Amino acid sequence: EKMVMLGFYQNEKEILLIMEPIIALLDGSNDFISEEEERAFNVAQKQAQEAQSGPTKKKQAPIMITRDKQARYKNSETNKAIIEIKQKIIDILHKIMDMQNDIRLTKFLQEFNKSEQDMRTDPARSTAELKYLQEVLNGGQEFVDYKGQVDEKVLNWMRIAFMNKNLDMKFTSTKRDLVCILLDIILYEDSPLVNSAFTLLTRYFEQKKSVIKYANEVQLLQDQQEVAILKKVSGDLRDMKKEAENSEFWMGLPEVANLKKARQFIDKLEMLTDLCIFRPNRVIDIDDKNKKKEDLGDDEDGDEDEFEFHNLTELKAEWDNEDPKVCTDEEANDEKNQRLLRNLRAHEIPII
């Protein structure tokens, strides 16, 4: 995982280089539980190599040694390190499966986009079908008449997403059956290891279901205004998280600069809550640099006078008197923006 974070293994070909060796390491039949077993194996291996290199050049037979088949399953000091290594390997395989799902989901959404564009060329004939296809990814239940037709399209997208993909655990574990290895690990007497192995085994058999599940969680941004809101909110949340983490250095302090920072933080919170209310005429222009500069509070001198004659108590009283209610009875919720804020975990910022 750290290697991936540092920039290694950024494509399927590189990840494949580590797949088969780590699956081989996961195989408990390769483990030596005692020094006696390892010495016996080394002696047998040396004898086999000598026989192969001798004048008769016999074909090397499988190396057979006497081993305690039950010892490797026990949670003991002798195999503690082996169990820890297997836990790390399973964690790596979970991460690889996450990458695999990302690749497949990307391909799945590309096929959706292609089908959507094809249907837009003939909107008179396929408007209802197009809307249902959008409902498929947004978790809706409408346009049932088109369900059979669209299900076939979705299954076709799934086949394409899984077609000829190198990063496939079933393909890369053919020499050493990953399912058998995981079933063997479930017999170990270490609960955390067994739980991790069983979870990976379950994910292995639910790969297609997982892609559909992730597709249902995808939020489709269908116009430039939604994209602008995403960029604006992402930037503001990043700034707010930084300020919230450093709040002990400015929150509650009476200096003008700290009051400005508090005001900007509150303004961003008000902007986020306002996005939860449906406003048909709302326009956010992320490319307007002057507006962005004003919104982010980059002007160091423009609002100095606003805070010059305020002390902290007066400013706090002003904010406390503001109506804390986000949405009145006459206003409607903006469900798309609310979902976007949930996906960006905006609700966590004020809790920091």
Revision key, fill the gap. Condition set surrounded by 12 or more Cβ atoms within 10 Å (Cβ to Cβ) and of a type in the set (Ser, Thr, Tyr), scope the range 202-226, selection modelled with the highest pLDDT: answer is 204
Practice item. From (1) crowded, with 17+ Cβ neighbours inside 10 Å; (2) in a helix (DSSP H, G or I); (3) over 23 Å from the mean Cα position of the chain (by Cα); (4) modelled with pLDDT of 70 or more, pick out the condition that doesn't hold for residue 180. Key: (1)
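Kindly indicate which of 248, 243 is at pLDDT below 80 and farther than 30 Å from residue 284 by Cα.
Just one listed residue meets the conditions, 248.
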**Study point:** Odd one out for residue 229, checked against (1) at pLDDT 80 or above; (2) loosely packed, with under 15 Cβ neighbours inside 10 Å; (3) hydrophobic (A, V, I, L, M, F, W, C)
**Key:** (2)
Review point. Does residue 87 qualify as being assigned to a helix (DSSP H, G or I), under 21 Å from the mean Cα position of the chain (by Cα) and at pLDDT 70 or above?
Key: yes
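The values are calculated or read from the model by the stated rules, or taken from the named source; none is laboratory data. Quick caveat: nothing in here was measured; it's all calculated off a predicted structure. Here the Cβ is made from the backbone with ideal geometry for all residues, glycine too, and neighbour counts use every protein chain on show.
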